[in-house]
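In what follows, a structure is listed as structure tokens, so that the remarks can point back to it.
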Amino acid sequence: MDAPNNPTGAIDLGRISKLLALCKETGAIPVIDLAFAEALGADYTALAQEVLDCDGIMLGSISKTQGLPGQRAGWAILPKSLTQNGYSESEVMVFGLNRVAEDYVRALYSPLTPELVEKIKSVFPNFNHLDPETGSPYRCLAHLHAERVSAYNQKVNPIFHANLADLGLTVMSSDIRNQIQVIVSELPNFFQRLAAVGIQTESLAFYPVADGDRHYGHSAVRILTPSKDQLPEVLKRIKIALELDT
């Protein structure tokens, strides 16, 4: 199972809970991919615990959630019942990564100790390691980044979606905390039009997604929420793409 869904970015926690309960009842081992789930905050933590309670396997991505595209870094957590290799609970294994990615991973997931906070502030004096809502310290840099990404997405996605609707486009149901968006057009070559104006997306032709008898093909694309600086330009180029004479 993937949570959130790939490619739409939607998540149905109730449905996942039912599937996990069914796995526990039948003795099956659930494997759940949480590639984009860190932006879901407390829901992510609760879901992860639910998977562990079912003796399931969790997979996650570091390159997707922590702004490290191309590094191909991820993690896996297995229950004790499936680990027969003698590793202790305190051991963290980092392997199969290039040196740069390995350094990133260790930096992102090391606890934000007072010593580390002071070291970061010596380079970035305005660095704030406290949650602005609760005043509690973030556990690590990855936790801080995920919270900021979620807050940004919740602010920008409604604006992004409203502007897309003004252009006559539809956005598939998604969790606004997430950075995955699927845009649907009536144009059969929407993917190619966006590529022609320099917008990188993934066509839904590459995913087995359908709405009844309709297979989206290149009329729907998967895109990530644009950054604040890129948003106006992305919307401008999408408008140009829709008006292309092709």
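The values are calculated or read from the model by the stated rules, or taken from the named source; none is laboratory data. The structure presented is a predicted model; accordingly, all values stated were derived computationally and were not measured. Using ideal geometry, Cβ is built from the backbone for each residue, glycine included, and neighbour counts are taken over all protein chains shown.
What the table below lists for this structure:
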| read-out | value |
| --- | --- |
| Residue pairs meeting the criteria (Cβ under 8 Å; at least 6 apart or on separate chains; first among the small types (G, A, S), in the stretch 107-124; second assigned to a helix (DSSP H, G or I)) | A107/L141; S110/L116; S110/L141 |
| Selected residue [over 22 Å from N6 (Cα atoms) and assigned to a helix (DSSP H, G or I)] from L242, L164, L194 | L242 |
| Filter result for G74 (at pLDDT 75 or above and crowded, with 19+ Cβ neighbours inside 10 Å) | no |
| Residues being in contact with a strand residue (DSSP E or B) (Cβ under 8 Å, 6 or more places away or on another chain) and farther than 24 Å from V184 by Cα - total across the stretch 21-43 | 7 |
| Single unsatisfied condition, N157 versus (1) at pLDDT 85 or above; (2) in contact with a Cys (Cβ under 6 Å, 6 or more places away or on another chain) | (2) |
| Qualifying positions in the stretch 167-193 - aliphatic (A, V, I, L, M) and over 23 Å from A35 (Cβ atoms) | L167, L169, L187 |
| Flag for N189 being touching a His at 6+ places or on another chain (Cβ under 7 Å) and either surrounded by 19 or more Cβ atoms within 10 Å (Cβ to Cβ) or more than 19 Å from N153 (Cα to Cα) (or both) | yes |
| Any hit, the stretch 26-35, residues being surrounded by 15 or more Cβ atoms within 10 Å (Cβ to Cβ), out of contact with any Phe, Trp or Tyr (no Cβ under 9 Å at 6 or more places or on another chain), of a type outside the set (A, V, I, L, M) and not in a helix (DSSP H, G or I) | yes |
| Selection within the stretch 9-43 - closer than 21 Å to G74 by Cβ and either under 11 Å from the mean Cα position of the chain (by Cα) or free of Cβ contacts under 8 Å to residues at least 24 places away in the same chain (or both) | G9, D33, L34, A35, F36, A37, E38, A39, L40 |
| Any hit, the stretch 119-135, residues being within 21 Å of G41 (Cα to Cα) and at pLDDT 90 or above | no |
| Selection count where residues are loosely packed, with under 15 Cβ neighbours inside 10 Å and either part of a strand (DSSP E or B) or among the hydrophobic types (A, V, I, L, M, F, W, C) (or both), scope the stretch 206-238 | 5 |
| The lone exception for Q181 - which of (1) within 27 Å of G60 (Cα to Cα); (2) at pLDDT 90 or above; (3) not hydrophobic (A, V, I, L, M, F, W, C) it fails | (2) |
| Among residues of the stretch 189-232, those that are in contact with a strand residue (DSSP E or B) (Cβ under 6 Å, 6 or more places away or on another chain) and among the basic types (K, R), counted | 1 |
